[in-house]
1. Suppose only helical runs count, i.e. DSSP H with n ≥ 4. What mean residue ellipticity at 222 nm does that imply for the chain under -39500 (n - 2.57) per run, divided by all residues and rounded to the nearest 500 deg cm²/dmol?
2. Which option, (1) 19.2; (2) 17.1; (3) 24.2, is the value of Kirkwood radius over Cα pairs in Å that was calculated from these coordinates?
3. Using a Gaussian network for the chain with springs between C-alpha atoms less than 10 Å apart, which of these wobbles most: 26, 50, 71?
4. How far is helix 3-102 tilted off the main Cα axis of the chain, in degrees rounded to 10, range 0 to 90?
5. Before anything else, pin down the relative contact order of the chain: Cα pairs under 8 Å, at least 6 apart, normalised by residue count, whole percent.
6. In the Gaussian network model of the chain, springs joining C-alpha atoms below 10 Å, which of 12, 120, 99 carries the largest mean-square fluctuation?
7. What full-extension length gain, to one decimal in nm, is calculated for residue 13 and residue 92 as 0.36 nm per residue of separation minus the Cα-Cα distance?
């Protein structure tokens, strides 16, 4: 065997080693690509599921907001109807307070007026609190 043949044999063996290495690398790469493909499919499925769930949640949120707006309109209307009642109670309290101021020299009348004003104020507060609880 000549020196050129030995060099050719070494080059052939190196080429075979390179091919074996590349084949192993390609097999590993194939496994990675298959796992990546599976992961992408699972991700797409998850995204589709999440999108459907989020659409449903958004629809329910819209319904809830709509019903809340209707409820607030109803409450505002009812509070508006009660405004004259509270205004009358306020006027009664003011009138009683003025009467109390005019009759300062009569302690008996003053105590009675203060008691009536206090009762009117308490009645107004109780009515307001009772309404708000409903």
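What follows draws every value from the coordinates through simple rules; no lab data is involved. As the structure is a prediction and not an experimental result, all values here were calculated from the model.
1. Working: 2 runs with 127 residues, N = 134.
Mean residue ellipticity at 222 nm (helix-derived): -36000 deg cm²/dmol.
2. (3)
3. Greatest mean-square fluctuation among the candidates belongs to 26.
4. Relative to the chain, helix 3-102 is tipped by roughly 0 degrees.
5. Details: 27 pairs, mean separation 20.4, N = 134.
Once divided by the residue count of the chain, the mean separation gives 15 percent.
6. 12
7. On the way: separation 79, 0.36 × 79 = 28.44 nm, distance 11.27 nm.
Result for the pair: 17.2 nm of gain on full extension.
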